[in-house]
1. Here's a check for you: in the stretch 32-60, which residue that is away from the ligand (no atom under 16 Å from the Cβ) and crowded, with 24+ Cβ neighbours inside 10 Å is nearest to the chain's Cα centre (by Cα)?
2. All but one of (1) in contact with a strand residue (DSSP E or B) (Cβ under 8 Å, 6 or more places away or on another chain); (2) away from the ligand (no atom under 16 Å from the Cβ) hold for residue 216, so report the exception by its number.
3. Out of 307, 330, report the one residue that is surrounded by 24 or more Cβ atoms within 10 Å (Cβ to Cβ), within 16 Å of the ligand (Cβ to nearest atom) and assigned to a loop (DSSP other than H, G, I, E, B).
4. Among the residues of the stretch 446-465, which ones are in contact with a helix residue (DSSP H, G or I) (Cβ under 9 Å, 6 or more places away or on another chain) and closer than 24 Å to residue 507 by Cα?
5. Just wondering, is there one or more residues in the stretch 354-367 that are touching a strand residue (DSSP E or B) at 6+ places or on another chain (Cβ under 6 Å), part of a loop (DSSP other than H, G, I, E, B) and closer than 22 Å to residue 26 by Cβ?
6. Run down 284, 272 and say which single residue is more than 21 Å from residue 227 (Cβ to Cβ) and assigned to a helix (DSSP H, G or I).
7. Return yes or no: is residue 141 at pLDDT 90 or above and more than 11 Å from the ligand (Cβ to nearest atom)?
8. Evaluate the stretch 318-327: report whether one residue or more is within 16 Å of the ligand (Cβ to nearest atom) and within 20 Å of residue 167 (Cα to Cα).
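The values are calculated or read from the model by the stated rules, or taken from the named source; none is laboratory data. These numbers come from a predicted model, not from an experiment. So basically every Cβ, Gly included, is an ideal-geometry build from the backbone, and we count neighbours across all protein chains shown.
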Ligand SMILES: [Fe+2]
């Protein structure tokens, strides 16, 4: 037996992954255990969980793989700061102590952090190699082109290469500071969202705007080459010298200072969002065309933070030259832990690889799971009562009925997801046909006002009846955007159309009923969809089927099980606390259904404020 532990830490989204004899046994992000979103600390809890899941102690590990080479990264920091000295000195000083303390002494930190003696060999893989490995090795393809698009890894920030059988080979890269990810993050910052987590909000804002600044961006900020590589004009950016990302020249270009967080969104911000999204899509499409021509591969795999831009992914699939696309669901740095471990198994140890028909990511359900007995035990400790269903059909019919009645359901089943999206294991579900559902779920459950619609989960086999998707095309990890089909859209009268296009309050715009499933349809009729198949997620598939039989609609709203700023719930205790503190109507923990009654509602109201105060706004 060969056991390999992969670790990513110290930058963003720490995580651990365990690969035993080539099989992904466990993977989880540290934030889920510490309840600190994007926790960058050494992933002690995630490692502990992975070892437990694999029934191993640190002494049984053969290899520990770290997703980054600390010294390369250190040299990059040093050289960048020296090049921009002395303005860079302040942020240099701020970054240094951390580096000195943890990163340069990685070997010692790793050995200490494992929580027990080990003879494991320590391997440091390259940042982009880790991303590339996480994209190719679990994919269903024997051969594929690989593209990694990142904020910033080591030197390179975008790479492409080829995966064949059990090897990956990176061919070329674009170097820091010329990064598509950082360009996108600079605009995220400018529009008043948090860098490294608000990028998806910028993407969600884009459909409200017109890309009127696209030419300006391509003229002044970015020299986008035909091959998709780009050269940023650093006169407009500030991320080498300072702690902000854009400077006064940038602000002058777009007609004002950066938007303050939580302040009203103006049409200008929406147009800026639409413009940078258009530029990002164009860059991704060009990279796709170039890589297709260079490698001759028919399939493409993607990873790196930018691969979470599902709008660009959808266009790449529809307009690009590749037959098929597979994206690592933990595309950000957390996935680097998995990539590093798989890299050791295939590339270093040269083990044979047999791609699985769907993929070997197992639906990304790689985290902790709990039995119904464990749930029952927990609930009795809380003096809480629930109804235990012995018959699964009865359970699912019951829940489908509640959903059709407009109830909001917390859905806690099986092993927790690895990656930023809830895929039906730690989800909150609702009826997408309800015109009020978007507002209800945001205001009463998530405690936020959102201008974005929710994501639909749809039965795989029925998806082409609702969304513009090739028959057989999957989106199991919610990483593709597809339009709602014409015949599912509803006519909008001229007055409502004006609201939809011009109302200053985006919540009124997003709540215009424009399709049969308004809660999941964006203002441009796009939907960020997840297809549910029987193999990866059998019980969720059966629930959707029960809802479909009852209503004729094979779609449910699927949003992550958390309040704003909170990491997705991990344990039954996390889920129960969140259920109490919110206006969620029903909680399904494995086979047990807990309904909100007057007493729990009251108790929840008392704890709500303290609960919400624990999480930072994102
Ligand atoms: Fe990365």
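1. Looking at the filtered set, the residue picked out is 32.
2. (1)
3. On the way: 307 fails: assigned to a loop (DSSP other than H, G, I, E, B).
Criteria check complete, one pass: 330.
4. Going residue by residue through the stretch 446-465, those that are in contact with a helix residue (DSSP H, G or I) (Cβ under 9 Å, 6 or more places away or on another chain) are 447-460, 462, 465.
Within the stretch 446-465, 447, 448, 449, 450, 451, 452, 453, 454, 455, 456, 457 meet the criteria.
5. Step one: list which residues in the stretch 354-367 are touching a strand residue (DSSP E or B) at 6+ places or on another chain (Cβ under 6 Å), which gives 364, 366-367.
Now drop any that are not part of a loop (DSSP other than H, G, I, E, B), which leaves 366-367.
Right, trim to closer than 22 Å to residue 26 by Cβ and you get 366-367.
Within the stretch 354-367, one or more residues are touching a strand residue (DSSP E or B) at 6+ places or on another chain (Cβ under 6 Å), part of a loop (DSSP other than H, G, I, E, B) and closer than 22 Å to residue 26 by Cβ.
6. On the way: 284 fails: more than 21 Å from residue 227 (Cβ to Cβ).
The conditions single out 272.
7. Numbers: at pLDDT 90 or above: yes; more than 11 Å from the ligand (Cβ to nearest atom): yes.
Yes; evaluated as a whole, the condition is true for this residue.
8. Taking the stretch 318-327 as the starting set, the residues that turn out to be within 16 Å of the ligand (Cβ to nearest atom) are 327.
Next cut, within 20 Å of residue 167 (Cα to Cα) only: 327.
Yes; the residues of the stretch 318-327 include at least one that is within 16 Å of the ligand (Cβ to nearest atom) and within 20 Å of residue 167 (Cα to Cα).
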